[in-house]
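One structure is given below, encoded as structure tokens.
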Amino acid sequence: MASLKNVTTFTNELLEIERFNDYAPNGLQVDGKDKLKKIVTGVSASQALIDAAIEAQADTIMVHHGWFWKQEDPRIIDMKYRRLKALMENEISLLAYHLPLDAHPELGNNAQLAKRLEIEIEDVMDEQGVGNYGRLAEYTSLEKLGQRVEKYLGREPLLVSGGDHAIRRIAWCSGGAQDRIHMAAEKGVDAYISGEISEHTVHVAREMGVHYIAAGHHATERFGIQALGEHVAAKFGLQCEFIDIDNPA
């Protein structure tokens, strides 16, 4: 039976959390049982995920979006109180990994997206390794790439044409990274994929000649936490269950 301390230490070191200047603390956010048997993984530490983890008799919840974000109200009231109360009453720990999970070259959200979308990774988009650029095996159209995204992510993406060119060189960054389209354009790519879209993203795509695919914040960040949970569970001989709380965003 693994200990919470050993699992946390291993995962923190695996994801190199000290390298990242993040928006929330990475690693253990809420303490629970010391001895672990089962991990539940999910994208966000919502009440629905907590309730499902309790039903699944988990000892630990591991997520991409945890709590205690910068500029968040620090008071333990209302929704935050109910969530925390449920964890503490059931002695369930909460571990969260944000940018470190986006960036991991094998288990991360962007690496897992590349694997599913059959994109060859060439390099990272920034010094922290968050986001990548690379190429497809052959040229394709915006519509066909959108169909590929929908097939593997289970969600119809929003497609913004940046011209009449075909796509081979491509950049991507999961989640709410639509503003990195400028960075993608500087790499000379044909298309850029992220999760969300803003009003101005459409104009940037059109004027900079980069096709844009908004594939869903939740949809683009399901695979990293699954891969991480399975990796950690295999290392320590734990049970692991991914629970997908539906989210159209």
Along the charge dipole of the stretch 103-218, Cβ charges K/R +1 and D/E -1, which of 110, 204, 154 sits furthest on the positive end?
154
By count of other Cβ within 10 Å, fewest leading, how are 165, 211 ordered?
165, 211
How would you rank 34, 126, 59, going from fewest to most other Cβ atoms within 10 Å of each one's own Cβ?
126, 34, 59
Cα-based Rg (one decimal) and Dmax (whole number) for the stretch 103-218, in Å?
12.4, 34
So if R0 is 35 Å, what FRET efficiency would residue 48 and residue 182 give, r being the distance between their Cβ atoms, rounded to the nearest 0.05?
0.50
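Run the dipole for the stretch 103-218 about the Cα centre, Lys and Arg Cβ at +1, Asp and Glu Cβ at -1, nothing else charged, and hand back the magnitude in debye, nearest 20.
On the way: 12 positive and 18 negative charges, 66 e Å.
In total the dipole reaches around 320 debye.
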Bin width 5 Å, origin at 0, all Cα-Cα pairs of the chain: what percent of pairs per bin?
1, 7, 14, 17, 18, 15, 11, 8, 6, 3, 1, 0
Using bins 5 angstrom wide from zero, how does P(r) for the stretch 29-170 break down, in % of all Cα pairs?
2, 9, 14, 15, 14, 13, 11, 10, 7, 4, 1, 0
Run the simple label-point estimate for residue 137 and residue 106 please: 7 Å along Cα→C-beta, distance reported in nm.
2.3
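Any read-out appearing in this document is the output of simple, stated calculations on the displayed coordinates, not a laboratory observation. On a predicted model such as this, the values are computed, not experimentally measured, just so you know. Cβ: placed from backbone, ideal geometry, glycine included. Neighbour counts: every protein chain shown.
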